[in-house]
Structure formats: C-alpha cells, structure tokens
Amino acid sequence: MSSTGEKIRINDLHAYYGESHILHGIDMTIMQGELVTLLGRNGAGRSTTLKAMMNMVGRRTGMININGTETINMAAHKIAHLGVGYCPEERGIFSSLNVEENLMLPPNVRSDGMSVEEIYDIFPNLAERRYSQGTRLSGGEQQMLAMARILRTGANILLLDEITEGLAPVIVQKLAEVLLMLKERGLTILLVEQNFRFAAPIADRHYVMEHGHIVEEVHQNELAEKTELLNTYLGV
Amino acid sequence: AGISDDVVKIGVLVDMGGVYADICGQGCVTAVEMAVEDFGGTVLGKPIEIVSADDQNKPDVGSAKVRQWIESEDVDVVTGLVASSVTGAATKVLTDAKKIALISTSASNAFTTKACSPYNVHWTYNVAALANGTVKPMVAAGKKKWFFITADYAFGHALEGIATKVIEESGGEVVGAVRAPFGTTDFSSYVLQAQASGADVVGLANAGGDFVNSLKTAAEFGLTETTDVAGLLVFTNNALALDPAIAAGMKATSGFYWDMDDQTREWSARFKARHGVIPSMGQAGQYSMTMHYLNAIKAAGTDESDAVMKKMKETKPDDFFARNATLRNDGRMVHDMLLVSIKDAASRASSDDIYNIEAVIPGDVAFNPMLPECDFK
Amino acid sequence: MATIFGLNLFALSGQLLVGLINGSFYALLSLGLAIIFGLLKIINFAQGAMYMLGAFFAWMALNYMGINYWWALILVPIAIGLLAILMERFLVRPIANEDHLYSLLLTFGIALVLQGAFTHIYGSSGLPYQIPAELKGGTKLPFMYLPNYRAWIIVSSLVVCFSTWWVIEKTKLGAYLRAGTENPQLMQGFGINVPLITTLTFGFGVALAGFAGVLAAPVYSVSPDMGSNILIVVFAIVVIGGMGSIGGAILTGLMMGVVEGLTKFFYPEASTTVIFLFMVIVLLVKPAGLFGKEA
Amino acid sequence: MSADYVLETRNLVKEFKGFTAVDDVNLKVERGTIHALIGPNGAGKTTVFNLLTKFLTPSRGTILYNGADITSMKSAAIARKGIVRSFQISAVFPHLSVMENVRIALQRKEGNSFHFWKSVKVLDKLNERAYELLDEVGLKDYANALTVDLPYGRKRALEIATTLALDPEMLLLDEPTQGMGHEDVSVVADLIKKVSANRTILMVEHNLHVVAQLADTITVLQRGAILTEGDYETVSQDPQVREAYMGVEADDEVAQAIAAANVAEKANAAKGGTE
Amino acid sequence: MKINKLYLFLIVVALVAPSLVYPVFLMKLLCFALFACAFNLLLGFVGLLSFGHAAFLGTGGYITGYLMLETGITPELGILAGTLGAGLLGAIYGKLAVKREGIYFAMVTLALAQLAFFFYLQAPFTGGEDGLQGVPRGALFGLIDLSDNFAMYYFVLAIFIFGFWLIHRTVHSPFGQILKAIRENEPRAVSLGYNVNDYKWVAFIISSALAGLAGSTKTLVFQLASLTDVHWHMSGEVVLMTLLGGMGTIFGPLVGAGVVVSIQNLLSGGELGNYINIIMGVIFIICVLAFRSGLVGEFQKLMKKNFN
Ligand SMILES: Nc1ncnc2c1ncn2[C@@H]1O[C@H](COP(=O)(O)OP(=O)(O)OP(=O)(O)O)[C@@H](O)[C@H]1O
Ligand SMILES: Nc1ncnc2c1ncn2[C@@H]1O[C@H](COP(=O)(O)OP(=O)(O)OP(=O)(O)O)[C@@H](O)[C@H]1O
Ligand SMILES: [Mg+2]
Ligand SMILES: [Mg+2]
C-alpha cells in the first residue's frame, strides 16, 4: 500500500462508449479516509468516471491507480478485490434473488464488512421485506438495498452514484450519518451527487465536472467563497 | 421420330439427405450412372445425360422439380422416385406431360391401381408384394392373431390395410393396431399395448428409422421372446443397422438380395466398389429399370414416350434383378420376390452377410392381379 | 382384474411408468435448455443436435476407440461440454448483447450444419449401439416387464436433474449464476468472473444434452435426425414449465412424459401434438408457464 | 361545503402475497388542484398510482372518477377517460421524431388509428396542434429531432407535451423530477405549474421544495395507510410526519422552500402586473 | 422520386423476366416473397416474432386447393376464399397470441401452428402427406386459361404487387404509426389510451391473411397443397428469409426470399444437393455473425455512411 495513504490516483483518463468519447482526460487523487464528491450537470460524465474506474465502459486509456495497483489493464472482475465497492446509479437489484440474497450476493472483498444485523438496523425496511423478490421493492427501498449490499462486503473504497435519489428525507439524513461514520472508520468514499445540500456538509472536497472534464476543485473550507461559482456550474 | 433435342435426358429424383437417403439417394443415382455406362453412354447415336435432384421427401419440392425438368430442361424420363407422396405428385405432372415415370423404391401400390397411368412403370416391389410375401406364409403357419404398429401416414395405412386383407382372407384376425405419428422416438408405449393384446404376431407396418426403433424396443421389453415380430418393409441397410441378437430369425420380403447367385454378386460387387455399401433392392431395381428403358429406346428407334412404353411392355425384362419377369400393361413389373430371414451373428460370414433366402415367391403370387381399368393395352 | 372406465388398470400402470421414463428423459433435455435459457437468455436450438452428437460420440468412442458405455457416459458429456465452450466462446459470445432472436437463429444454423454433416458422413438410417451387458435383461413387475436399462435411465437422469437443480437454486454459486445473467456488468464489478461462469454454464447445459444422448444411444437408433425430432417438443416443455424455471423444466418434463404416454394409449395419432395443445392451454391460463414467475 | 372531487378512492386495498402495500386508502383529489402524495420509501405511493391507472388490480375497494366507478376498467380505457400518467422514468418513443411523439397522442381522438389502408398523410392536419404543444413546453426548435438524441430534461418536457396532447382532465406524475439536476428540476416544476391550469394533478415527489412550491394539498402515506392530510404547513408541522418522513432538518427545508415559493410567486405577480 | 424510379424499374424487370427465366421459378419466388413480406409486417414493424406463420400459408393453400379440386370455382374466387380463411384463422390465433410477448408469443404461435399441422395431417380432405395433388389452375374470371405459365405468371405478379402495396400502405398509414409507437414503447402507448392488443391483433390478421394469399397462389402455381407448407420448418424458413434480407425493411423480405429460393433451387440439383442443410446452416451462421441487419439493411447502412 502506498505510504502516503493515497487510495485513488487517476491520470489523464479518457473513456469511450463505442464511437463516442465521453471523458477527456480526468485527473484526480483521493486520500485514505477522504470523502470526495463529483458534482456536475446531467450528462457531465460523472457516472462514466465511476464506471471507467470499474472498467465498465467500452474503452478507456490513461492511468487509474487503486490502492497502489495500476488497474488500467485489469479485468473488470479483479478490481473489486482491491477493496472497491461500487453502487451503480440504476441500482442493479437482481430480480431473481430475494432481498436477503441480494444483500449477501457480492463476495466479501475484505473481512471487516458490516454485519447483516448492523445493516438491518440502519435500513429497517429491508429487514421487514427480506424475503421479497428484490425488484418488488419500492424505488427507494431498492436504493437502500443497493447501498447496503456493498457495506457488507468490507470494501474500503466506496464509489457511490446518486445514492440519495428517490429516498425520503429522513433516510437521506440517516445516510449522511452513515457516510460520516464510515469516514470515521477510515473508508475512502467517492460520491456522485445531485443533491448538493446533502453532499456539502459531509464532503472534504468536491470536483466539478463538465463535458467530460474536471473544471474545478473545491475544498470544504472554500465552499463559502466559491458558492457563486458552483451555482453557475450546477445551474442552481 | 428419333431422339428429341438430340439427347436422352434422365432425371433422377431421390432423397439426398432425408430418411430414405440410404435406401435410394445418391446410391440410386450411382445405379443409373452404371446403367448408362454399361449401355455405352449413347443411344441411337445420341448422348445420354443424367440430371439428379433432391426431393427432400416433399411432394411439393419433388413435383416442382419434375415440372421444371420437363418444362425447361427437356428431361425425357424421370426415375428414382422414393417416398410415395413424392411419387404421387410427380407422376401426376409426368402423366399430364406424357412423360414416363420409372418408379424404383416407392412402396404404395397406387401407381398401378387407383392412380394408374399409361406412363407409370413400377419396378421393384410394392405393399401388396410385401403383404403377400411375408404375411401369407405366417398365417398359413398358424400365426392367426395379428397386432399392428403402424406408421401414421399413407404408406403405413396402405401396408396395414393390405396386410389386414391378406390376413383375413387367409383365415387370420387382426386384434388391434396403433398408429404411431411420424417422428415418434419412443415406441415403448406401443410395444406394451402390443404385448397386452395377446397377438401371435406383431406386424411392424413402418419403415426406416421407425422400423429399427420399434423393433429394438420390442426386443428390449421382451416382446420378441414371447411373440413373433414381423417387419413388413425391411431394407438391407436397416438390417445392417440392427443388432443381430435382436433381429435374427426375422422374416421379410425383398425384391433382391446381393448374395443370391453369381449374377447378383457380380453386379453388387461393382456397385459396392463405387458406392461403398451393398445395394438395396431399390438401387438394384433402379439399374435394371434404366437398362430396360434404354433398350426400349434402342428398339423403338425413338425416345417418344408412347413408343418407348410400348416397347418396354413388349419386351420381357431379364437380368440379374428381374427374374421370370414381365412388365404388365398397368405398368407393374412382376418378378420373383424373395422371402428372407435375418441371420444371427454366428452364421454371418461377413458383415454384409445378413440374409438367408428362405423361399422364392413367384411374381404372380407376390403381386396382385392387374385391374381391368389399368390395362393400358 | 381391476378396471377403470373399462380399461385394464394393469395396462394403465405400465403406460404410466413408461411415460415417467420418457418424462425423465424429457426432464434431462429440457433442464439443459432451461439452464441455458434461464441463465444465459440464449435459446439454444442446437441442443437437439448436441444430443444427437452425444449418441454419435458414444458410438464413435466404442467403434473407433473401444471406449465402453460407462466411460462414454462420463467422457462424452465432457467432450461435448468442451465443444460447447468453444462454440460459446467463438460464435455465441460475439452476439451476446444482441436480440435473443439472433442467438436462436445462430444455434439453429449450427444445428443444421451438424445434422447435415452427420447425415452426409453416416447416412440417415441409424447406427446400432448395444445395451451394456450389466443392464441387459429386465425385471418382472406385476403389471409389466421393466427392462433394466429403462430403470437405469429414470434413476440416472433424475439424480442428475435434481443435483443440478440443487446447485442452481440452493447454493451461492447458483446465486452468482442467476445474478450474473441479469446484470453481468455489475457482477463483474462485484468481483465475479462472469464470462467464465457464463461459458462454463453453457458448457454444462449442453453437456447435459450430451449425457442424454449417451443414455439414448442403446435404446433409440443413433441417427442424425434424432435431435431435431425431439427438440421442438422439449422446447414446448420448457415453455410450459416457465422459461426461467429450472425446477419447472424438470417437473414439467416428467409430467409431459406421462401426458404423452397416456395419449399414446388413448389416441396415439395425437401423441406428438398433445404437448402443444397443453402448451397453448397453459400459456393462456398461466402466461408465465406452470412454474414461471409472473413478470 | 362539499368540495368537488375529481378522483376518489374508497377503502382501496392492495395485497401482495401476505403483504399489504396499500391499506384502506380513502383519497380525495379536489378538482383543479395540485395534490401531492408523499411518504417514506415503500409507503405505497407508486402502488397507489399503479392501482389508479390499472397497471395493478386492486384487491378491494373502489375508485371513482367524476363520480363514476372506474374500478374495473382497463388501463387504456382509463387513459381515454382522461386520466393520464407519466412515468418515474421518462417515457417517450425514442426512434420517432419529437413531433411524431406528440402526434401519436393527438391521433387517438381522430378515430383513424385502425385505418391501415389510408396514407399517413391524413395525419398532417394534426401537425399544427403538435407544434403548438411543443412550443408550450419549449421544444419547438427540436420538433424534427430524433427523440433519443434529446437531453434527459427535454425528454421529460416532451413527455409532458405528449401527455398534454391528450388533453387530460387529470395528470398523474410519479417523481417528475427524479434524477434531475437543479436546473432541470426548476424547469419541470415551472412546467407543472403551468400545465396545472384547468387540470387536476396528482403527483408523487420526494423533493420537498417542489412539493412545497406546487402542492395545494398533501397526503402523507405511511405503511400503505394515510397518515395525515392538509397543506404543506399543516403537514410539515405534524410531528408524526416529521418523524416518519421529513426528519429533523425539516424546519430548515420548510423555511427555505416557503421562502423560495414566495419569491417565485411575487416575481410572477410582478410580471403579471407589468403586462 | 428516387424511390419511384426504383419501383418503376423493378416493375419493368418483373414484366420482362419470364421470357428470360423459367416462369414457374419466378412465381415461386414471388409467392415466397409475399409470404416473407407478410411475415415481416409482424416481425419488423410490430416486433412480434411469429414462429407459426406456416399455418396461414398452408391454410390458404389447402382451402384454395380443396375448392379448386372439388367445386370447380374460378381461381380468383379460390384465392379469395383461401385468403379469407387464413385471415379467419389468423383472427382466432392472433386473439390468443397477442396477449403474450417476446419468446412466449413465438412459442404460442408455434404451438398453435402445430395444432394446425396436426389437423391437416389427420383431416380426411387434405390427403395426408400426399397433399392435394393435381389442383387445376382454372381460368381467371372464367376467361383466361391459367394453365399457360405466362398467363399464370402475370396473374401472380399482379397478386404480389397488390400484397406488397398493401403492406407498404399499412406501414405508412395512421395505423402503422401506432404500430411503430407500440414497438418503441408499449407501456407508453397504453398510457396514451391505445388498446395495444387490438392493434397487434389487426396487424396479425393482415399478416396472416396475406400469408394465406401467398399460400393460395402457391397452390395454384404448383397445383399442389402439401404438409410442407404447414410444417414448422416453413415457419423457420420465412424467419431466415426475412432476417437474411433485413427485417423491418420494405425490400428486405423480397431480397431474402429471392436468395433463399434461388439457393434452394441451385442446390436441389447437382452434386451439392447433399450439402443443402450444411450450406443453409452456414448461411444462417454467417448472417447472424456478420450481417445482422440483413442484405438490404447492410446496404442501407453502407449508403448512409457513404452518402451522408
Ligand atoms: N452506455 C452508454 N453509451 C453511450 N453513451 C453513453 C452511455 N452512458 C452514458 N453515455 C453518455 O455519456 C455522457 C455522460 O454520461 P454520464 O452518465 O456519465 O453522466 P452523469 O454526469 O452521470 O449524468 P446523469 O446525471 O445523467 O447521471 C452522456 O452524454 C451520456 O449520454
Ligand atoms: N409486486 C409487488 N410484490 C410484492 N410487494 C410489492 C410489490 N410492489 C410493491 N411492493 C411492496 O409494496 C410496498 C409499497 O411499494 P411502493 O412502490 O408503492 O412504494 P413507494 O411509496 O412508491 O416508495 P418509494 O418512495 O420508495 O418509491 C413496498 O414495501 C414494496 O416492497
Ligand atoms: Mg450519472
Ligand atoms: Mg415509488
């Protein structure tokens, strides 16, 4: 492991879906225990950045160093075993499995994941519906399940895509607490968010994307002075 | 007169890749080629040409091909003709066009009875010969109660029907029958029904793969041990495919057997050298029939259908295949048939040595008499 | 003697048993199809051809290499599984993301080629294959004579079927499989080697057909068209059971064997059609099939 | 005073195998209002929508539309009656042009939809109305574009235009702003406000700002049953609602939301005044 | 304009063709092309893969064949009856089938077609696997003797053009617009108030009636109706033709039918006859792996690439 505590380093990342060139040279670095968000408008390329890190795009070039390992040429199924947990935008709940099976599905990538009890504690809805077919859950419940699923695997680098989408405000607040708790435990989190109000208080840093480029980096302590700027980027 | 278009063109319509391909597929084409070569390649100074086609056992495919041959390719005669359904459709087209059909391997007797035509020639055998040849002696020997496992299509119905008639005329009785759809893989249910029927003989009114499968199943369920099983239509290639332990002793009627005498052996050896396996009765008949046709052209001095037909009927066929033979006015070639039995493994001298010839059935015993309405002078 | 509707009860029991035997055969074949469809969403029209290949390989093994039935029972499915793996890797995978229609057509093409090639080489009249000595003979039951080999068919296919079902429905590996077919990309993201699993599953599903082929060789004649005849019926069975349902395929296979057997008894002409009639009725009453989950 | 209800449910129940997703719901939607349905995740909001549009069949209970019982009608029939739904994900015909999307909706009333022997040109007379509708949602310039190529927010707008083409009496919107950036959220919210004239709207929404800004009445569902009902102020003060749904920060949210709404209203009023 | 010229050219070609090519072959081609076009109406324009279209081809054929043989009516009436009969069967089958989607739809149609096959196999008037042989072609309107291949050809051509036109019109009609919408997004079409099953049903009836028309015509051409036309292989063949030509394109099925029929014709004679299954199989495989849009589809793509 790299001694500096550097967990993710991306250099000049380009990504393509077939013919279309989506990411145009992304650079970013995330340290252990940091919570960093990726902000931007719809279609800016934030989800694509996460997918590119997971090797889920058509083609990618550049460097992606995760936990000290260069992954640009790594097969997709090996990346998770570096301790990465990915929660996709479209949730990806499996209809052929029930809730509990969905929860238990991803293999542990490290030993210190949350226990099922702990998870059911955070998301009581899931406990109640544990034997339902996964896709029979309501939209929000599926979102919870998608998040819960990777907490169980013990991944210490989390890539989270719009996890507050469609959740009731209470749950959103609870999620914020969970993220802070994970951060306490030393996990590294990269968060894609629309809900700036949710992200602002918990994040250490923000990257702003536009058209496949990173156009701005904002530290938590600069938030106040850069609000205007952010508003123009995000169209608030 | 003379030769139309300066060439005698023979169309060979056979099953190239389907269930009858081994009985009369490429082998029948080979037989025609041998006949043409043996004849010298020309007749009345004109070349003899062969075209062949796959009918896929489909009447529509077959009749369309025949139509194309005579309408746009100047084919003079069509032979091969395997599946009865194809032959039925093809002979209709041929008769309309006044062209001769030389039928080698079809089983139905319709082409010289209810669908008879002045242009049909039916050579090797038919269902009547099979029933007369195989069924009659068995009933006479006291096997009176019969049960049929019948292929559920026209050929099977015809075979069952004519065999039933023979049985009843000879004082026997049919105690039951099941009709197995085409493409049945598992015959065990039918075999159980046959077993339960208490029959003396279970007649297999089917052919090809159905015959082999049903016989195998009969043996497996012990039917062959308690009851006689009679295959009504057995080709040499079926017999080759059967385990001798199962098939030994089974009787069948055949129009030809390669190992009958020197004449048959000589021709069969030549055929096997070219085709790889011993000839079936259809293939042997194919050669014999083609020869007879070419000889008739030569004798008539023309390839015009009516004249050739007249000559074919006037001349008695006589070669390694056609013994004591006549071509009747209805187009039926009547010749000696053979009652054979399948040899057990121990008495086989070679892998091709499959039959004992039990008896020679004279043509007029094997084949039913001519119908007056089919007497085309 | 006991009768029902004027029928011999003994005879009926015999028919039922025979139906069940055929049913276990159907179960084996439809299981392979159901796995491949249910898990990989590939409609494998070549399954029948692979079954045929199983029988032919058994015959070839015996006649060219002297490998006996028992070894063939193990080796042939492996060989066919390997063949299937190649087929998956080089033919099926390139179109994995296209409409399912295409995999159906592709495998249909493969089936045509295989059947055509074997017809060309071995002819169409079928080859003999003997029942292994150990299983010759039979047992006299009160209502029928049960050939030992048929008893072996029912036992071995049911064992294979139910162990397969257990692995898929009850183990973690099975869960990976099911999830991997739904969203392969995400499963990769979770760290599962999905392409490998897919390939192996395809191989296994096809190997089941090969196994069925070896089982069939001694009782049916080994012929090139043996697969195409049975395939479409097996398809119907999978649909009746519910396309995705592994257990459904097995149970329906058994059931249809019995239904067909009874039809052979009461109205033999319709025996190849009855399953389709059944299918129409089932699909109209229960759209997702008897054991399928409603969408 | 007895209010004028467009849509009413009476003792509506939906049970899934041993689980009651909608439990005895009596919902009354007043004509000409925007009515929001909110509640925690899994409360049964989407299920209620599905029942109203017959994508699911109620286990028990009745649905009345303009006083008439529509419980046993099929989806398409309900749409023809004037209840039209937009989906949680955007629902468009991706490989038709933007204009054709709208025209499909307009076509239904023409009564020639089964005329397979007529030329498609008979539909041209609908084009003008289609352009009008597109103009209304700001898509006029995209009329001939292929729909797949539209950005997400515009697809949403197109969907609304298509829905409007049916001239529905009642609109059901399921999380209309889900997955949108701030910019699109306010565009869509404005659009909803705009199209609510002369219509009744029933919407599910988790974005409290949008709810506060738009909704006249709010029904809060919890565990399939109605927890409370009222305008935003009443509902948001309800301690049960705050515990079950809004959470502790609701105060903040309310304050901001109401302020935003007020500003917007004032701005509108000002605009109206100068015109 | 370009399209109109193309049509004109094709019609001229069609008019002179029989003096160059064996007319019966051309008629066969036209019959199958019509069949494939009818099938494509469902697959390409509604997105429904019917695996039982042979039932309609065969029904048309048997009805026409039976009537021509037994009642001696004129051929145009025979064809009309066959077409209506197939349409009627299509109405019944369609009513049941359109309730299902995707692979289930394919399977229901296949199963229903198998029932039809069984019926035609067992029914006393169809001649079992012999089929109805020797169907007279008769005289068109009692005037024009169709036993002449040329007369028959122009009659078949007229039928084909009518069928082709009807399909073209259906696709480009108000009804066709709704079909397109349904294929694109069915739940949305429902929510707009369209009873999608009714639309699919009507499309199914049109398609089956036209398939019946093709079958009726074919029976007349070959003077034979047989089980081949109701067998599931025929249902598979029409899928191949459509796919090979390019599904969802107007000309695709025509081209596909042309290629398949020509190949069959070529292979059915001569040395390669043995290989017919292998060659057809290889074509399938190549098509799927390399030309998924079909010949016409690929051609259109090429044109787009090079001229846009
Ligand atoms: N599978 C795909 N194939 C082709 N293009 C894609 C694909 N997925 C995304 N894109 C395109 O890539 C661009 C970036 O998409 P991405 O999903 O990364 O955006 P985002 O910033 O996450 O926005 P959103 O809020 O929509 O999730 C968009 O223009 C999108 O249309
Ligand atoms: N088809 C189904 N089978 C079984 N349970 C279902 C089904 N559909 C929904 N449910 C359950 O019913 C409950 C209500 O679901 P619904 O989708 O209506 O919630 P919702 O209020 O829309 O929630 P959200 O805000 O998360 O979208 C959930 O607990 C869900 O798990
Ligand atoms: Mg995104
Ligand atoms: Mg919901």
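The values are calculated or read from the model by the stated rules, or taken from the named source; none is laboratory data. Bear in mind the structure is a predicted one, so any value in this text is a computation, not a measurement. For neighbour counting, all protein chains shown are included, and Cβ atoms are generated from backbone atoms with ideal geometry for every residue, glycine included. Side chains are part of the model used for accessible areas, which takes the heavy atoms of the whole protein and leaves out ligands, DNA and RNA. Shrake-Rupley method; radii C 1.70, N 1.55, O 1.52, S 1.80 Å.
A compact table of results
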| read-out | value |
| --- | --- |
| 10 Å Cβ neighbours from other chains, averaged over peptide E:120-132 | 5 |
| Pair-distance profile P(r), taking every C-alpha pair of chain A, with 10 angstrom steps and integer % | 8, 33, 37, 20, 2 |
| Sites C:Phe90 and E:Ala14 - FRET efficiency at Förster radius 35 Å, r taken between beta-carbons, to 0.05 | 0.25 |
| Chain D: DSSP helices with Cα axial extent of at least 15 Å and average Kyte-Doolittle hydropathy no lower than 0.0 | D:182-195 |
| Shielding by partners - mean other protein chain Cβ count within 10 Å, residues of B:217-226 | 4 |
| Length released on extending from C:Phe266 to C:Glu169, taking residue separation times 0.36 nm less the Cα-Cα span | 31.2 nm |
| Contact surface E-C: accessible area buried, both sides summed, square angstrom, 1.4 angstrom probe | 3400 Å² |
| Span-like helix ranges in chain E, DSSP H, alpha carbon extent 30 angstrom or more, Kyte mean at least -1.0 | E:23-46, E:75-97, E:102-122, E:149-171, E:196-222 |
| Rg [Å, one decimal], Dmax [Å, integer] - the protein assembly as shown, C-alpha atoms | 37.5, 121 |
| Magnitude of the charge dipole, the protein assembly as shown, Cβ model with Lys/Arg +1 and Asp/Glu -1, debye to 20 | 1140 debye |
| Charge sum, other residues only, whose C-beta stays under 12 Å from B:Thr184's C-beta, Lys/Arg counted +1 and Asp/Glu -1 | -3 |
| Largest-first principal axis extents of the Cα set of segment A:49-113 (Å) | 39, 28, 16 |
| Convex hull of Cα atoms in segment E:22-231, direction-averaged projection (nm²) | 11.1 nm² |
| DSSP loop GluC sites (Glu not before Pro) with at most 16 other Cβ within 10 Å excluded, longest remaining stretch of chain C | C:99-293 |
| Between helix C:172-182 and chain C: long-axis angle, C-alpha atoms, 0 to 90°, nearest 10 | 70 degrees |
| Cβ neighbours within 10 Å from other chains - mean over A:54-63 | 1 |
| Furthest towards positive pole of dipole, D:Leu172, D:His209, D:Val220, structure part chain D, Cβ charges | D:Leu172 |
| P(r), alpha carbons of segment C:111-200 - 10 Å bins starting at zero, rounded % | 13, 21, 20, 27, 16, 3 |
| Delta accessible area of at least 20 Å² on complex formation, residues of segment B:75-98, 1.4 Å probe, chain isolated as reference | B:Ser85, B:Ala89, B:Lys92 |
| Mean projected area (nm²) of the alpha-carbon convex hull when segment A:180-232 is viewed from all directions | 4.1 nm² |
| Cβ-based net charge around A:Met104, under 10 Å, with every Lys or Arg adding one and every Asp or Glu removing one | +1 |
| Gap separating the Cα centres of segment B:211-281 and segment E:139-154, nearest whole Å | 51 Å |
| Rounded tilt (10° steps) of C:148-170 against the dominant C-alpha axis of chain C | 30 degrees |
| Average Cα contact separation per residue, segment D:94-167, under 8 Å, 6 or more apart, as relative contact order % | 51 percent |
| Simple Cβ-charge dipole of chain E, Lys/Arg +1 and Asp/Glu -1, about Cα centre, in debye nearest 20 | 1180 debye |
| For segment B:129-206, average projected area of the Cα convex hull in nm² | 4.6 nm² |
| P(r) weight above 20 Å for segment B:240-314, C-alpha pairs, percent | 51 percent |
| Accessible area buried at the D-E interface, both sides summed, 1.4 Å probe (Å², nearest 100) | 2600 Å² |
| Size of chain D as Cα extents on the principal axes (Å, biggest first) | 61, 49, 38 |
| Solvent-accessible area lost in complex, 50 Å² minimum, residues of segment D:79-126 relative to chain alone, 1.4 Å | D:Phe93, D:Leu96, D:Ile104, D:Ser113, D:Phe114, D:Phe116, D:Val120 |
| Options A:Met114, A:Leu223, A:Leu160, ranked by Cα towards positive dipole end of segment A:100-236, top entry (Cβ charges) | A:Met114 |
| Rg(Cα) / (2.2 N^0.38 Å) computed for segment C:20-151, rounded to two decimals | 1.23 |
| Counting DSSP beta bridges with both ends in chain D, the antiparallel % (nearest 5) | 55 percent |
| Cα centroid separation - segment C:57-105 against segment A:130-205, whole Å | 45 Å |
| Cα-based helix-to-principal-axis angle, B:59-72 vs chain B, degrees rounded to 10 | 10 degrees |
| Fraction of beta bridges assigned by DSSP in chain B that are antiparallel (%, nearest 5) | 30 percent |
| Dipole of chain C, positive end: most advanced residue of C:Val155, C:Ser223, C:Leu28 [Cβ charges, Cα centre] | C:Val155 |
| Translational D in µm²/s for chain C (Stokes-Einstein at 25 °C, 0.890 mPa s, Kirkwood Rh from C-alpha pairs) | 124 µm²/s |
| Compactness of segment E:79-166, expressed as Rg and Dmax over alpha-carbon positions, Å | 17.1, 48 |
| With at most 15 other Cβ atoms within 10 Å, longest stretch of chain C clear of loop trypsin sites (Lys or Arg not before Pro) (DSSP) | C:137-292 |
| Where the Cα pairs of chain B fall when distances are cut into 10 Å bins, in % | 5, 25, 34, 23, 9, 2, 0 |
| Pairs of Cα atoms farther than 15 Å apart, segment B:165-236, % | 52 percent |
| Fraction of antiparallel bridges per DSSP, the protein assembly as shown only, in percent to nearest 5 | 50 percent |
| Cα-Cα separations in segment D:94-167 greater than 21 Å, expressed as whole percent | 22 percent |
